[in-house]
Structures are given as structure tokens and as C-alpha cells.
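Since the structure comes first, as C-alpha cells, the remarks are kept for the end.
The values are calculated or read from the model by the stated rules, or taken from the named source; none is laboratory data. All values reported here derive from a predicted model rather than from experimental measurement. Cβ atoms come from the backbone with ideal geometry, glycine included; neighbour counts cover every protein chain shown.
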Amino acid sequence: MKMQIGITGRGGQGVLFLTRILSETALEMGLEVIASETHGMAMRGGSVISTLKVGAFRGPLIGSGRAGVMLVLDPGSYDTFSSLLSERGIAFLNAASSQAHPHIDATDLAAKMGSPLMSNLVLLGFALGHERLFCGYSQVEEMTGKISPSRFREANLRALKLGYSAIKKT
Amino acid sequence: MKKILLGNEAIARGLLENGCSFAASYPGTPASEILSSFVQMARSAESPAMGEWSINEKVAFETALAVSYSGGRAAASMKQVGLNVACDPFMSSAYTGVKGGFLVISADDPGPHSSQTEQDSRMMAMMAKVPVLDPSSPREAKEMVQLGFQISEEFEIPVMLRPTTRVCHSRQGVALGEIPNPSVATGFLKDPQRWAATPRYRLVLHKQLNQKIEAIADKYGKKSFLKILGGRKASRCILSSGVALAHTYDLLKELRLEDRIALYQVKMPYPLNARVVLEKISPYKDILIIEETDPVMEMQLAMRGRIRGRMDGSIPPQGELVPDVLEECIRAFVGLTVEKRPSPAGKPRRPTLCPGCPHRAAFYAIRQTFPDGIYPSDIGCYTLGLNLGAVDTVLCMGATISQAAGFYHAYRMKGEFPPIVATIGDSTFYHAGLPPLVNAVHNGAKFILVLLDNSTTAMTGNQPTPGIETLADGRKGKAVSMEELVKASGVKSLSVVDPYSLEDMTQALKEADRACRAENGGVAAIISRHPCLMDVGAKEKKKERVEISDDCIGCRVCIDDFECPAIEADPDTGLARIDQTLCSACGVCIQVCPQNAIQRK
């Protein structure tokens with residue numbers, strides 16, 4: 001198993017939490033994993049990117065055209081990092097519409113759920129529904145429950161499920 | 001047991017597992033999480049090891065060094081520009097040497113992502129004659145803590161661990177060991193010719209230092225030089241260190257070059273055992289050196305003409321060695337065609353002050369009150385006052401105050417006296433603002449100093465400052481009053497304002513301007529005080545939501561001049577609207593709107 005994943009959005013949208021869930025899931029599955037994160041000034045609302053490499057890699061960054069999957073919380077930030085996506089790769093967008101990629105209005109769904117900050121988990125659930133990630137829904141669900149702070153656990157799991165079930169309807 | 005750790009957490013864990021009894025630091029990206037993880041992990045392991053947030057890197061270094069002088073293992077961690085601040089004790093400590101193992105952790109930021117410079121701390125290590133270890137991953141960073149302490153104690157010398165952003169902020173599964181009781185200080189053994197050496201004895205110490213460095217290269221140079229990839233057929237070789245080695249490894253595999261190119265890792269780039277390295281690499285037809293950010297290994301291998309790298313332009317002289325850049329270099333090295341990649345379609349979103357940030361209100365008032373002012377500023381979140389046109393210079397920690405004085409003197413000699421408004425955050429003021437303030441007052445400079453006090457070190461993740469009672473490990477310390485320090489520096493005009501009231505802030509700015517222009521005027525200071533909204537310790541009162549009424553005419557003052565990320569223009573009507581998921585309901589925009597179209601509901 002070798003997979004390179006890019007996760008992008010604006011600082012504060014929960015890119016780091018998705019990176020953590022997926023890294024921990026990989027470790028739990030016994031896979032090698034290395035991920036890089038954006039910290040510092042860019043987190044103040046700027047574009048941020050995490051890269052996650054599962055399998056026998058040593059370096060944490062992804063070269064152009066090598067990401068198999070991208071999770072995009074903010075389409076504006078995707079313009080900056082879309083060159084990472086491989087020709088056969090797939091990008092999942094948090095957007096009301098898109099010609100090119102599978103998309104879901106995660107911000108709107110999360111807001112309707114009463115937790116606008118959970119759009120990251122809605123998008124992750126949506127991506128898992130397409131079965132293109134190295135891990136399955138139940139593995140991620142278990143890890144999300146395990147590492148979520150207790151006061152957000154229930155809402156996080158609901159958001160994940162919401163995104164996952166959205167794909168089953170479309 | 002394996003656990004996913006951030007590189008900085010892995011370093012902290014390594015310190016504790018190796019008996020480090022004391023760690024000190026000043027926050028700075030990418031090094032900040034080392035100290036906070038150290039105290040958290042020490043607490044959960046019930047270890048008596050102590051960590052402190054020091055007022056600046058020089059103080060952190062000197063405090064930790066005295067623990068080592070006393071025989072305990074100690075570490076000082078900082079970002080690379082922090083090492084500039086600690087450079088004085090760093091250079092001198094190489095001469096005095098140490099007793100307990102002493103690690104200097106200096107985190108570099110090739111890119112740069114969050115720094116003023118791309119400087120290579122390994123160069124500083126070479127200048128100081130201190131061995132430096134260059135980890136390529138979080139896992140390796142943790143292992144090198146052990147090696148570092150070992151070399152440090154064996155040769156009684158400080159050792160530098162130099163991770164880069166991509167090590168500090170990478171996550172990886174790391175094997176955890178036991179956390180023992182920290183190494184206890186055996187006691188300080190007086191030896192004035194060493195610890196308080198006069199120049200005559202410094203010459204002796206320098207000779208000893210040179211001998212130590214030679215012996216370290218001899219003993220550890222070979223062990224820290226490994227072949228990572230490459231079959232017998234390989235005719236070319238690459239010598240690499242740090243995270244550039246990790247990315248080179250991945251690329252050689254992706255390009256299926258691992259049989260044609262041998263890859264060697266150097267774990268200790270200084271001092272290099274040139275004899276051992278040259279013996280291994282000279283049989284290869286071509287040799288490429290890949291390292292971040294300066295040619296530290298390359299300079300130590302006197303084999304010009306054979307070796308390619310930074311010095312002959314085979315590797316770009318600045319910028320991070322990301323996979324795309326490395327791929328071009330490696331392709332050119334092997335003679336493969338180099339594909340030009342299209343540049344990204346969009347510009348990254350620029351960072352902005354958060355919605356509700358008290359600094360935004362202060363900057364807005366400054367800009368409105370003195371539209372023709374000169375605005376020196378400093379390092380922190382408030383550097384983003386750039387976006388509001390209220391930041392003109394950012395040099396290094398504390399420079400805003402010295403530069404405000406310099407601007408004053410420059411204009412005074414021309415017979416002019418423009419408004420000069422210097423801004424500095426609370427943590428930066430404690431870090432490096434005091435000497436320039438005393439100096440400015442003493443030498444008769446006249447300007448307005450706005451201390452942006454949000455009671456935290458916000459940019460780096462809300463570490464405590466000396467202005468509050470909380471210490472790194474949560475214990476209660478003594479808060480050192482900013483007001484008292486400013487007054488004691490000789491400043492006669494001082495007011496304290498909550499910038500959420502633009503009227504109060506504007507009033508204070510006008511009064512400060514009068515005060516510094518008065519006959520006996522000087523530095524006039526304003527403490528602009530409101531807690532950072534990102535600080536979980538700070539409690540904001542719940543406020544009624546803020547909304548935009550039909551009176552909005554789309555003048556964009558709230559969007560362009562006030563620059564709040566929670567306000568956006570409706571793409572169809574051009575009218576302003578508030579994103580309630582981002583809005584903090586601070587209500588400052590209510591005071592900004594020329595149409596009175598923003599109200600609380």
C-alpha cells in the first residue's frame with residue numbers, strides 16, 4: 001500500500017485534525033505513515049496544506065502530480081495546490097458546485113447540523129463514501145471517536161456520518 | 001509501543017527519555033511545541049524535570065547552560081533566528097564547554113515559512129565549533145537526542161540538534177521508551193580558569209576546543225555516515241542530510257534511479273570526517289551534495305571540480321528543497337530531461353488578523369488618526385497590521401522601538417517631526433523591547449509607542465508571557481507589570497486603553513501625540529489591552545450578534561480598510577454581509593461603518 005494525500009483549506013478550518021485522524025488510522029492499521037503540517041503565521045486564515053504519505057516513504061512532502069487523493073475544505077486554497085493531484089487522482093471538494101470533482105456543501109450541512117466548524121469531518125465522511133482512501137469508514141469512525149475531545153466527540157461522529165451518508169443518496 | 005508524534009513532540013520525548021532535567025525556550029515557529037510538549041509529557045510521567053518559557057532565547061540558553069555546569073542534563077530550544085539572540089552565550093559556551101549533557105536545539109525554516117531569514121544554523125555551529133546533528137525525520141530526531149547527549153558528555157561540549165520545519169511539523173509513528181528520573185545535578189565544581197576564563201586562558205580553551213572537534217570527527221564521523229541506497233553498478237552518488245535526504249530517497253525510488261545512484265546520509269554535517277567521506281565517494285564519477293540551506297558539508301570537502309552542489313549552482317542557492325525542486329536537480333545530475341512544471345493557478349490566501357482581533361482595532365485607529373505617520377512594527381501576529389497599512393517596517397525582535405528612535409533622529413536633523421507610531425506585542429516587548437526603550441528615553445527620542453497587550457504569545461500558539469502569572473507547566477509565577485516597566489524606563493506619558501472602543505483609542509493616540517511634542521516631551525506610551533480571542537484562558541462575555549442593515553451602500557470601508565475576514569461583499573449586490581460562523585461579535589465594525597449600517601441584534 002502506497003498512497004499520497006493532500007489536505008488543504010484555510011487556517012482554522014480543521015486541516016490539522018483531519019491529518020491527525022488519518023495518520024492515527026494508518027498507524028492503527030500497521031502502515032508506515034509520515035505527514036507534514038502547516039503551523040505558524042499561515043494558520044491565521046491563510047491557505048494551509050497538510051500532506052500525508054502512507055507506505056514506504058521517508059519524506060513528508062508530495063511532488064507535483066503525485067497525490068492520489070485530495071481533501072479540499074476551501075476551493076480558493078485548492079487553486080494554489082491543485083498541481084499536486086495526479087492525473088488519475090481524485091479531489092473531494094467542500095463546495096456547492098463543481099464541474100470537475102466530486103463535491104459536497106460541507107459548510108452548509110455542518111451549519112444546519114448546528115456545528116459549522118465540523119465541515120472538515122463532513123468532507124472526510126464524504127470522501128470515505130467513495131472508497132478511494134487507504135482506510136475504510138469504520139476504521140476512521142473508531143479513530144475519530146478515540147481522539148476527539150469528549151465535548152466534541154458526539155458532534156464529530158455525527159458530522160462524519162452525515163458526509164458518509166450523503167454519498168449514498170447521490 | 002509506537003505513537004504518532006509531531007517532530008517537536010518526538011524531540012521532547014527524547015529529552016525526557018534521556019534524563020534531561022531542565023529545558024528552556026522562547027516560542028517561535030517551527031520550534032514552539034518542543035517546550036510545551038516537554039512540560040506536558042513530564043507532568044503525565046510524574047517526572048520532576050522542569051521546563052520554562054524564558055523571556056528570550058539568550059536567557060533560555062544561559063539558564064539551561066548553568067544547569068549543565070552543575071552536572072545535570074539540559075537543553076535550550078529555539079527557532080533559528082532565536083539562535084541569533086542567543087549567539088553570544090552560544091559562541092562562548094563552546095570555549096567553556098559543559099558538564100551535564102547540553103543540547104542546543106535550533107529549528108531552521110527553509111522556505112522561509114514563518115521567519116525573517118532562511119539562515120542555516122549548521123553554519124552557526126561551524127562558526128562556534130560545535131558539533132551539529134541533522135535529523136531527516138521525527139523518529140531520527142528523537143534518536144539524535146540520545147547521541148547528542150552522549151557526545152556532549154563525552155567531550156564536555158555543547159551539541160546542536162538542527163531540525164527543519166519539515167521535521168518539526170511532520171507526524172510519524174515513533175517508538176516510545178521509558179521516562180527515567182532526570183539526571184540529577186552533581187553540583188557545580190569551581191574552576192575559574194575555565195568557567196570565568198580571562199582572554200589568556202581563552203586561548204587555551206580554544207586549543208582544547210579544536211582538539212575536541214577533531215576527536216569528535218574521528219570517533220563519530222564514520223558512525224554518522226551511512227549508505228542508504230545504491231547497487232554496485234551505481235556510477236554517481238548523492239551525499240545528503242536532513243529532510244532533503246528523505247525527499248531525495250523518495251524521488252530516487254519514484255524515478256527508479258536507486259540502482260544507478262548511490263545515496264549516502266550524513267547525520268553529523270559538522271564536524272565532517274572528510275577523510276572517511278572522501279574515501280567512500282571519490283570512486284564515483286559524479287558527486288552531488290544536497291543539503292539545506294547552505295553548503296556546510298560541501299565547504300568541508302575540498303574537492304572542487306568533482307563535487308556538485310550549491311557552490312556550482314547544481315542546487316539553487318535559496319528556497320526550500322521541496323520534491324519538485326529536487327526532482328529537477330536530480331534529473332539534471334543524471335542527464336534526464338527536465339520537465340518545466342506549470343506554476344500554480346491561484347495565489348495562496350494571505351494570512352489575516354482573526355475576526356475580533358484587538359490588534360485590528362488598534363491598527364485601524366492608528367491609521368485613521370495619523371494617515372501620514374511612519375509605522376515601525378515588530379515580530380508577531382501584529383506583523384499582519386501590514387494588511388491595514390499600519391506596519392511599515394519589520395526587522396527583528398524589539399527593533400520597532402530602536403527604529404522609531406532612529407526615524408525620529410533622522411527627521412529631526414532635517415527639521416521635521418512626522419508622527420512616528422511604533423507597535424510591539426507584549427511578549428516581544430518583554431523579549432527585546434526593554435533595552436531599546438531605556439535607550440530611546442535616555443537619548444531623547446520622541447515618538448508614540450503602542451504596546452499591543454493581548455496577554456499571550458499568540459502567533460506561536462498562546463504561550464504565557466512574563467506579564468501573567470501562569471508558568472509553562474501551569475504553576476503560578478509572578479506577573480511582571482508592563483506599566484511598572486514602562487514607567488521605570490523613564491516614560492512620563494502612559495495610558496491604558498481597550499482598543500475595542502475606537503473613540504478611546506483615538507483619544508489616547510491624540511493625547512500621546514501632544515505629550516511627545518510638548519516642550520519636555522519624549523516617548524509617549526499607550527498600552528492597548530484586550531485579551532487574544534484565540535487564548536482559551538481568556539474569557540469573553542457572550543455578545544449579541546452583529547448584523548448589516550439595508551442602509552449598507554457597498555462602500556467597502558469595512559472590507560478594504562478594516563479588513564475583517566468575517567465581512568465579505570455579496571458577489572451579486574456588492575453589499576457587505578457578515579459570515580456569522582466567523583464573526584466574534586466584537587462590534588468594532590459598528591464604529592467603523594460610515595453609514596451606521598452595522599448594528600447589534
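Could you list, in sequence order, the residues of the range B:438-470 that are outside any loop (DSSP other than H, G, I, E, B) and either more than 28 Å from B:C516 (Cα to Cα) or out of contact with any helix residue (DSSP H, G or I) (no Cβ under 8 Å at 6 or more places or on another chain) (or both)? Lay out the reasoning, then the answer.
Start the filter on the range B:438-470 by keeping residues that are outside any loop (DSSP other than H, G, I, E, B), which leaves B:438-442, B:448-453, B:457, B:463, B:470.
Across the range B:438-470, the qualifying residues are B:V438, B:V441, B:H442, B:T457, B:Q463, B:T470.
Do you know which of the residues in the range A:108-145 that are among the small types (G, A, S) and in a helix (DSSP H, G or I) is nearest to the other protein chains (Cβ to nearest Cβ)?
At the first step, the residues of the range A:108-145 found to be among the small types (G, A, S) are A:110-111, A:114-115, A:119, A:125, A:127, A:129, A:136, A:138, A:145.
Right, trim to in a helix (DSSP H, G or I) and you get A:110-111, A:119, A:125, A:127, A:129, A:138, A:145.
Details: A:A110: 9, A:A111: 7, A:S119: 9, A:G125: 19, A:A127: 19, A:G129: 24, A:S138: 20, A:G145: 16 Å.
Selected residue: A:A111.
Scanning the range A:33-48 for residues that are at the interface with chain B (Cβ under 7 Å from one of its Cβ atoms), surrounded by fewer than 24 Cβ atoms within 10 Å (Cβ to Cβ) and out of contact with any strand residue (DSSP E or B) (no Cβ under 8 Å at 6 or more places or on another chain), which turns out modelled with the lowest pLDDT?
A:M41
Which one of the conditions (1) of a type in the set (D, E, K, R); (2) touching a helix residue (DSSP H, G or I) at 6+ places or on another chain (Cβ under 8 Å); (3) at pLDDT below 95 does A:D74 fail to meet, given that it meets all the rest?
If we test A:D74 against (1) of a type in the set (D, E, K, R); (2) touching a helix residue (DSSP H, G or I) at 6+ places or on another chain (Cβ under 8 Å); (3) at pLDDT below 95, just (2) comes out false.
Working carefully through the options B:P348, B:P376, find the one that is in contact with a strand residue (DSSP E or B) (Cβ under 6 Å, 6 or more places away or on another chain), facing chain A (nearest Cβ under 7 Å) and of a type outside the set (F, W, Y). Give the derivation first.
Details: B:P376 fails: facing chain A (nearest Cβ under 7 Å).
Just one listed residue meets the conditions, B:P348.
Collect the residues in the range B:168-200 that are surrounded by 15 or more Cβ atoms within 10 Å (Cβ to Cβ) and more than 14 Å from every other protein chain (Cβ to nearest Cβ), keeping them in residue-number order.
Listed by number, the residues that qualify are B:I179, B:P182, B:S183, B:A185, B:R194, B:A197.
State all residues of the range A:40-69 that are touching a helix residue (DSSP H, G or I) at 6+ places or on another chain (Cβ under 7 Å), part of a strand (DSSP E or B) and of a type outside the set (V, I, T); if no residue qualifies, say none.
A:S47, A:S50, A:L52, A:A67
Every residue in the range B:180-211 that is under 20 Å from B:A74 (Cβ atoms), in contact with a helix residue (DSSP H, G or I) (Cβ under 7 Å, 6 or more places away or on another chain) and assigned to a loop (DSSP other than H, G, I, E, B), please.
B:A185, B:F188
For B:S584, state whether it is under 21 Å from B:C357 (Cβ atoms) and either assigned to a loop (DSSP other than H, G, I, E, B) or outside the structural domain of B:L451 (by TED's automatic domain parsing) (or both). Write out each step before concluding.
On the way: under 21 Å from B:C357 (Cβ atoms): yes; either assigned to a loop (DSSP other than H, G, I, E, B) or outside the structural domain of B:L451 (by TED's automatic domain parsing) (or both): yes.
Criteria met by B:S584.
I'd like the residue in the range B:355-392 that is outside any loop (DSSP other than H, G, I, E, B) and within 18 Å of the chain's Cα centre (by Cα) and, out of all such residues, is nearest to B:M534 (Cα to Cα). Give the derivation first.
Residues of the range B:355-392 that are outside any loop (DSSP other than H, G, I, E, B), as a first pass: B:358-369, B:374, B:376-377, B:381-388.
Next, from what is left, pick out any that are within 18 Å of the chain's Cα centre (by Cα): B:377, B:381-384.
Details: B:S377: 21, B:C381: 12, B:Y382: 14, B:T383: 17, B:L384: 16 Å.
Going through the qualifying residues, I end up with B:C381.
Kindly indicate whether any position in the range B:561-574 is buried (at least 20 other Cβ atoms within 10 Å of the Cβ) and in a helix (DSSP H, G or I).
Within the range B:561-574, none of the residues are buried (at least 20 other Cβ atoms within 10 Å of the Cβ) and in a helix (DSSP H, G or I).
So, in the range A:12-25, of the ones that are more than 8 Å from chain B (Cβ to nearest Cβ) and within 15 Å of A:I62 (Cβ to Cβ), which residue ends up surrounded by the most Cβ atoms within 10 Å (Cβ to Cβ)?
A:L22
Are any residues in the range B:139-171 in a strand (DSSP E or B) and either within 21 Å of B:A42 (Cα to Cα) or not assigned by TED's automatic domain parsing to the domain that holds B:M41 (or both), and if so, which ones?
Within the range B:139-171, the subset in a strand (DSSP E or B) is B:159-161, B:164, B:170-171.
Correct list: B:L161, B:R171.
Restricting attention to the range A:60-67, does a residue exist that is at the interface with another protein chain (Cβ under 8 Å from one of its Cβ atoms), among the aliphatic types (A, V, I, L, M) and within 26 Å of B:L5 (Cα to Cα)? Show your work before the answer.
Step one: of the range A:60-67, the residues at the interface with another protein chain (Cβ under 8 Å from one of its Cβ atoms) are A:60-64, A:66.
Among the residues that remain, those that are also among the aliphatic types (A, V, I, L, M) are: A:61-62.
Right, trim to within 26 Å of B:L5 (Cα to Cα) and you get A:61-62.
Scanning the range A:60-67, I find at least one residue that is at the interface with another protein chain (Cβ under 8 Å from one of its Cβ atoms), among the aliphatic types (A, V, I, L, M) and within 26 Å of B:L5 (Cα to Cα), so the answer is yes.
Would you point out the residue of the range B:544-601, among those that are out of contact with any helix residue (DSSP H, G or I) (no Cβ under 9 Å at 6 or more places or on another chain) and among the acidic types (D, E), that is nearest to B:A362 (Cα to Cα)?
B:D560
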